Amino acid sequence: MSTFKIDGTLFKQMIINGVVNLDNNSDYIDELNVFPVPDGDTGTNMKLTLNAGTKEIINLNSNSIADVAKKLSRGLLMGARGNSGVILSQLFRGFASGVEGHDVADSVIFAKALKKGVETAYKAVMKPVEGTILTVSRESADEVNRMATPEMSFKELLSRLVNESKRSLNRTPDLLPVLKEVGVVDSGGAGLVLIYEGFEKAINGEILKVDKNKETKPDIVQAKFKAEEITFMYCTEFIVQLDEEKTKTNPFTEQRLSKFLSSIGDSLVVVQDEDIVKVHVHTNEPGVALNFAQKYGEFAKLKIENMKEQHSTIVSEASHTMEDKKEPEKKEYAIISVCVGEGLGNIFKEMGCDKIISGGQTMNPSTEDFLKAIKEVNAKNIIILPNNSNIIMAANQAAEVTEDVEVKVIPTKTIPQGYSSLLIFNPTVDIQSNYEAMVEQMHEVKSGQVTYAVRDTQYNGIEIKKDDYMGIFEKNIVVSDHNRLDVTLSLLSQMVDEETEIVTVFYGDDVNDDEVESISEYIESNYKDVELEILEGNQPVYSYIIAIE
Amino acid sequence: MIKIIVDSTTDLPQDYYEKYDINSVPLIVNINNVEYKDKKTISVNELYQSLKDGADVKTSQPNPQDVYDAIENELKNNHDVIFITISQKLSGTYQTIYMVAKDLEEKYPESKIEIIDSMGGSALPGLMAIQASRLVQNNLSFDEIIELLKEMALHGEHIFTVENLKYLFKSGRLGRATALIGNLLHVKPILVVDKGEIKLFKKIRGKNKALKAIIDMVEERIKGFKNQTLAIMHAGDLDVALKLKQMIIDRMGKIEMFIGQIGSALGTHLGIGGVGVFFFNKRPRLYFERD
């Protein structure tokens with residue numbers, strides 16, 4: 001039996017088929033990542049985005065394609081994560097407006113709605129890049145629009161859609177040179193093909209099931225909300241004003257203080273600026289920490305909090321606010337930042353962030369995560385630092401749907417960009433001036449990263465072996481070797497030039513003190529005029545994140 | 001004859017006072033509870049040394065008797081007086097002088113006294129005083145000079161950076177929140193004086209970039225008025241002032257400039273190591289470029 005009309009129920013089944021097909025293959029898509037870095041997650045992002053949309057329609061009681069598409073579009077918008085997720089949500093947003101007013105769609109309406117989706121997606125992306133999901137969606141939509149007639153069956157229409165999207169996907173390496181060099185097709189485009197295949201199967205009466213044999217990855221969404229265990233009870237913060245007399249007999253170095261404090265706690269941040277040292281540490285022995293620090297000077301500021309208490313206070317405060325409905329007054333400014341790693345989170349908080357959304361390369365927060373954060377910080381002016389190119393669009397989407405509050409997204413693509421622009425935030429001027437200054441600052445920073453390879457490949461003439469370390473300078477892999485220290489020093493030497501004033505190194509979870517010390521010595525002896533900051537980032541995957549200013 | 005007087009927060013090269021016939025009334029500097037007369041019984045370098053030593057340094061407005069004597073000295077000789085002061089939002093000096101002047105106006109009804117709030121500090125009232133002196137030399141009337149000086153006060157620019165915001169905060173010239181954020185992590189604040197008050201304009205990462213940002217702002221704000229004398233002022237760091245001077249020449253070509261040291265009264269607030277550029281962002285209706 002041929003299908004000539006799609007109603008809400010069938011469309012719902014198509015979407016579910018699309019999700020399942022994507023789900024069963026999301027690992028394959030994750031592996032299409034251009035860089036052999038352990039952070040590919042396009043498949044996961046698209047899957048989670050579609051899941052959020054599906055949840056909205058699963059219990060919807062309507063047989064109208066317009067109703068289903070509209071509800072789906074809202075769910076996708078909120079759940080969008082990653083660039084491919086955001087583009088996907090825009091494709092379906094446009095599609096929804098294309099079927100508006102129709103309870104059922106024939107081939108022509110369906111094809112036109114696909115085209116409307118493409119137009120919406122292109123508009124949403126600031127600089128559309130060809131050779132991506134955008135191209136695949138556009139070329140396949142164009143093809144079915146050329147062919148569609150009201151008499152064409154959906155079997156034929158979707159067969160053409162799937163075939164053309166596959167052909168288009170295979171052409172992506174010709175459009176995007178980096179794909180060709182690495183020998184992959186675009187991952188977002190591949191995701192879209194899987195969704196269309198799911199559609200086609202639904203039209204042919206095939207209901208897809210989740211592949212039980214598939215090795216399931218730990219659910220990222222849940223891992224994110226896993227409660228942290230509190231090993232160290234006291235959040236201890238202080239500022240020491242270094243004393244000349246004391247430091248004469250007991251010379252101060254950041255390294256020494258850091259070393260001692262990390263022996264009695266974690267989440268350490270030690271920052272020195274001339275004669276002031278700022279410290280943040282979680283420890284069970286705050287007294288010991290204070291005694292040690294007092295050998296160098298006197299305290300300008302002190303704060304110790306019991307984090308278990310804090311936790312229970314938050315719980316009880318939450319229940320209080322349920323009763324007390326009076327809204328607290330909005331503060332003038334708040335800053336929301338995305339980062340992963342307790343250390344990085346602490347550093348960003350220390351430097352003035354009000355809210356950290358946990359996320360990064362392997363965990364792209366959704367539009368809804370941003371919306372929640374925007375509500376939580378309760379401010380008139382909000383600045384968001386996404387710190388990852390794959391998170392910017394979800395942040396932008398949240399900013400767009402937020403009303404009554406001024407939200408500006410600084411399109412920071414890296415932790416260094418976010419960190420540096422955060423440091424120049426000026427609460428005494430308006431948000432537009434801050435936006436301009438912070439965007440300008442973002443471009444003043446050079447970003448570097450050290451991580452390991454998850455597969456053998458070649459990039460820019462550099463031979464990369466699985467498990468070797470790679471130095472990534474901005475978007476390019478510039479060095480690879482099995483020795484991590486060598487990679488890091490080589491990366492540094494390629495980043496630092498005569499204009500460099502400040503080098504900041506955030507070290508990850510997997511590095512040891514000796515290696516950090518070697519890096520610090522290398523910089524101090526080779527670049528005498530630069531200021532060096534070494535900070536405990538605790539970030540996973542990236543052994544070092546380097547900011548050069 | 002019209003005589004120009006300034007308070008000692010005004011910073012000009014030493015020989016300019018005689019050259020332009022400008023008199024200066026000292027503020028009071030209190031170091032560890034000992035009182036000094038600014039730039040008279042204590043030098044700028046001595047004050048900086050005390051700051052380095054961590055001494056408790058405060059400044060207060062001039063002794064009214066000193067103001068009285070300085071003005072009356074001119075009035076007695078049948079001169080009129082124009083007194084150019086530091087911004088009244090930064091110091092109570094204007095109030096003291098105003099009070100004394102009211103007193104003297106009654107005693108010398110034939111003479112004219114006018115107090116001009118420069119809406120700035122350091123070299124800015126100095127640049128105004130030089131111009132006032134040139135206007136006097138060119139025989140402009142008292143009222144015309146006052147009008148021109150008031151116009152200049154509205155267009156003064158101070159673009160500067162300091163090593164550390166803690167002194168500004170300690171002296172109450174900058175809010176606590178603003179001061180704290182500027183201090184850590186190699187952030188250099190770029191400060192301006194806006195309507196007589198010190199404001200944090202922006203923050204810059206790195207000393208050299210901060211100097212570049214200052215030049216960018218000078219270039220943007222000076223607009224077409226390059227035919228003026230700029231002042232580059234520093235607080236105990238001549239090298240950085242010379243560097244800034246060279247950067248201005250490289251960027252904007254030949255411009256009249258003098259380099260000076262930020263004096264004790266303001267130095268207390270800014271701390272050691274600051275540097276800035278002082279100029280006007282609009283050419284007054286009448287301006288004499290040369291003596």
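General observations
- Residues of segment A:485-511 buried by at least 30 Å² on assembly (accessible area, 1.4 Å probe, chain alone as reference): A:Glu501, A:Ile502
- Dipole of chain B, positive direction: furthest Cα of B:Tyr68, B:Leu127, B:Pro109, with charges on the beta-carbon: B:Leu127
- Chain B packed on chain A takes about 2200 Å² of accessible surface away from a 1.4 Å probe, both sides summed.
- Spatially, segment A:494-515 and segment A:329-376 are offset by 24 Å when compared through their Cα centroids.
- Computed E for A:Glu298/A:Gln255 - FRET, C-beta separation, R0 30 angstrom, nearest 0.05: 0.90
- One Cα centroid belongs to segment A:1-79, the other to segment A:440-488; the line between them spans 34 Å.
- Pairs beyond 18 Å (Cα-Cα), from B:Lys39/B:Lys195; B:Lys209/B:Lys243; A:Lys528/B:Lys243; A:Lys71/A:Lys375: B:Lys39/B:Lys195; A:Lys528/B:Lys243; A:Lys71/A:Lys375
- Dipole magnitude (debye, nearest 20) for chain A, charges at Cβ of Lys, Arg, Asp, Glu: 2620
- Its Cα centre serving as origin, chain B has a Cβ charge dipole (Lys and Arg +1, Asp and Glu -1) of approximately 1620 debye.
- Residues with amide H under 5 Å from that of B:Ile22, placed H, sequence gap 5 or more: none
- Nonlocal amide H pairs with B:Leu12, under 5 Å, H built at 1.01 Å: none
- Cut-off 11 Å between beta-carbons: net charge of the residues surrounding A:Leu489, Lys and Arg +1, Asp and Glu -1: -3
- Rounded to 10°, Cα long-axis angle of helix B:142-153 versus longest principal axis of chain B: 10
- Among beta bridges that DSSP assigns inside chain B, antiparallel share in %, nearest 5: 60
- Three-way shape call for chain B based on the alpha-carbon gyration tensor, with the a/c threshold at 1.5: oblate
- Percent carbon-and-sulfur accessible area, chain B, ignoring ligands, DNA and RNA, probe 1.4 Å: 47
- The label-point distance for B:Glu110 and A:Glu524, in a model that sets each label 7 Å from Cα toward Cβ, rounds to 7.5 nm.
- Calculated [222 nm] ellipticity per residue, helices only, for chain A: -16000 deg cm²/dmol; basis is -39500 (n - 2.57) per DSSP H run with n ≥ 4, divided by all residues, nearest 500.
- For the pair B:Met1 and B:Asp103, a Förster radius of 25 Å applied to the C-beta separation gives a FRET efficiency near 0.70, rounded to the nearest 0.05.
- Where GluC sites (Glu not before Pro) fall in DSSP loop in segment A:381-442, at most 12 other Cβ within 10 Å: A:Glu403
- Stretching the chain fully between A:Lys127 and A:Lys372 yields a gain of 85.5 nm (0.36 nm per residue, less the alpha carbon separation).
- Helix B:238-252 axis versus longest C-alpha principal axis of chain B: approximately 90°, rounded to the nearest ten.
- DSSP-defined antiparallel bridges as percent of all bridges, segment B:2-153, nearest 5: 35
- Cα-based shape type of segment A:337-399, given that a ≥ b ≥ c are square roots of the gyration tensor eigenvalues and the cut on a/c is 1.5: oblate
- Cα gyration tensor shape of segment A:8-211, rounded if a/c is under 1.5, else prolate or oblate by comparing a/b with b/c: prolate
- Figure legend: label point modelled 7 angstrom from the Cα of A:Lys465 along Cα→Cβ; no residues of segment A:167-210 have amide N under 11 Å from it.
- For chain B, excluding the exposed loop sites themselves (GluC sites (Glu not before Pro), DSSP loop, at most 11 other Cβ atoms within 10 Å), the longest remaining stretch covers B:111-288.
- Each residue of segment B:191-204 was assigned a 3J(HN,Hα) from its phi angle through the Karplus curve 6.51 cos²θ - 1.76 cosθ + 1.60 (θ = phi - 60°); the sequence is 10, 9, 9, 10, 6, x, 10, 7, 10, 7, 7, 7, 10, 10 Hz, with glycine and proline shown as x.
- Estimated vicinal HN-Hα couplings, Hz - segment A:498-510 in sequence order (Karplus 6.51, -1.76, 1.60; Gly, Pro = x): 5, 7, 5, 10, 10, 10, 10, 10, 9, 9, x, 5, 9
- Charge dipole (the protein assembly as shown, unit charges on Cβ, about Cα centre) - positive-most of A:Ser62, A:Thr120, A:Ile410: A:Ser62
- Local electrostatic count, A:Asn145, Cβ distance below 12 Å [Lys/Arg +1, Asp/Glu -1]: +1
- Taking each of A:Lys259/B:Lys212; A:Lys303/A:Lys380; A:Lys47/A:Lys446 in turn, the alpha-carbon distance tops 31 angstrom for A:Lys259/B:Lys212; A:Lys47/A:Lys446.
- Residues in segment B:188-202 that, when all protein chains are in place, have 50 Å² or more less accessible area than the chain alone would give (probe 1.4 Å): none
- Reducing segment A:150-176 and segment B:1-75 to their Cα centroids gives an inter-centroid distance of 84 Å.
- Antiparallel DSSP beta bridges within the protein assembly as shown, percent to nearest 5: 65
- Using just its DSSP H runs of length 4 or more, each adding -39500 (n - 2.57), chain B gives a mean residue ellipticity at 222 nm of -12500 deg cm²/dmol after division by all residues.
- Across the accessible surface of segment A:77-143, with the other protein chains kept in place and a 1.4 Å probe, carbon and sulfur atoms take up 55 percent.
- The mean count of C-beta atoms from other chains within 10 Å of the C-beta of residues in A:419-425, rounded to a whole number, is 4.
- Given chain B, longest segment not containing exposed loop chymotrypsin sites (Phe, Trp or Tyr not before Pro) (DSSP; at most 15 other Cβ within 10 Å): B:1-224
- Label-to-label distance, nm, for residues given as A:Glu332 and A:Val178 (7 Å Cα→Cβ offset): 4.0
- Scaling against 2.2 N^0.38 Å puts the C-alpha radius of gyration of the protein assembly as shown at 1.17.
- Degrees separating the helix A:8-30 axis from the principal Cα axis of chain A, which is the longest one: 50
- Vicinal HN-Hα couplings computed from phi for segment B:75-84 (Karplus, 6.51 cos²θ - 1.76 cosθ + 1.60; Hz; Gly/Pro x): 4, 4, 8, 6, 8, 8, 10, 10, 10, 9
- Mean accessible surface per residue for the protein assembly as shown, computed with a 1.4 Å probe while every protein chain stays in place, in Å²: 44
The values are calculated or read from the model by the stated rules, or taken from the named source; none is laboratory data. On a predicted model such as this, the values are computed, not experimentally measured, just so you know. Reconstructed Cβ throughout: ideal geometry from the backbone, glycine too, with neighbour counts over all protein chains shown. These area figures cover heavy atoms from the full protein model, side chains too; ligands, DNA and RNA do not enter into them. Shrake-Rupley method; radii C 1.70, N 1.55, O 1.52, S 1.80 Å.
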